[in-house]
Amino acid sequence: VQLQASGGGLVQAGGSLRLSCAASGRTFSDYAVGWFRQAPGKEREFVAAIIWSASSGYYADSVKGRFTISRDIAKNMVYLQMNGLKPEDTAVYYCAARRSRIFSTAGDRYDYWGQGTLVTVSS
């Protein structure tokens, strides 16, 4: 499975971005897909995850209520809608997939990773 993350950019605080994660090589069925981020000088952290068979996601407390993870079965895509962005959301965002119907907040539980897309939120 190859993952391609896109949609990052520069946005002012309070603005919105939508990240996309596309899979090639196979479909996301039977996979859990997560978004992680890594800010400069900080460790990678979990942001959100979704199980392909479910429509609802799981979120880190820091983004709950502002970010929404979703999937488009027909397009084999996973999205991360980010609203109310804050400067502390600035990071490289990665999508990752694991062949499981159980998501995980631990990055090392994911088998496949995209290349990352940079999100910069200015104050």
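The values are calculated or read from the model by the stated rules, or taken from the named source; none is laboratory data. These figures come from a predicted structure and were not determined experimentally. Neighbour counts run over all protein chains shown; Cβ positions are idealised from the backbone, glycine included. Protein only, heavy atoms only, side chains kept; ligands, DNA and RNA dropped before computing areas. Shrake-Rupley method; radii C 1.70, N 1.55, O 1.52, S 1.80 Å.
Here the chain is scanned for trypsin sites (Lys or Arg not before Pro) in DSSP loops (not H, G, I, E, B) that have at most 14 other Cβ atoms within 10 Å, and the longest stretch holding none of them is 1-25.
Counting protein heavy atoms only, the chain has 46 percent of its accessible area on carbon and sulfur, 1.4 angstrom probe.
For LYS64, the aspartates and glutamates whose Cα falls under 13 Å of its own Cα, not counting residues fewer than eight places away in the same chain, are ASP89. Tell me, rounded to the nearest percent, the portion of alpha carbon pairs in the chain spaced more than 21 Å apart. In whole percent, the long-distance tail amounts to 29.
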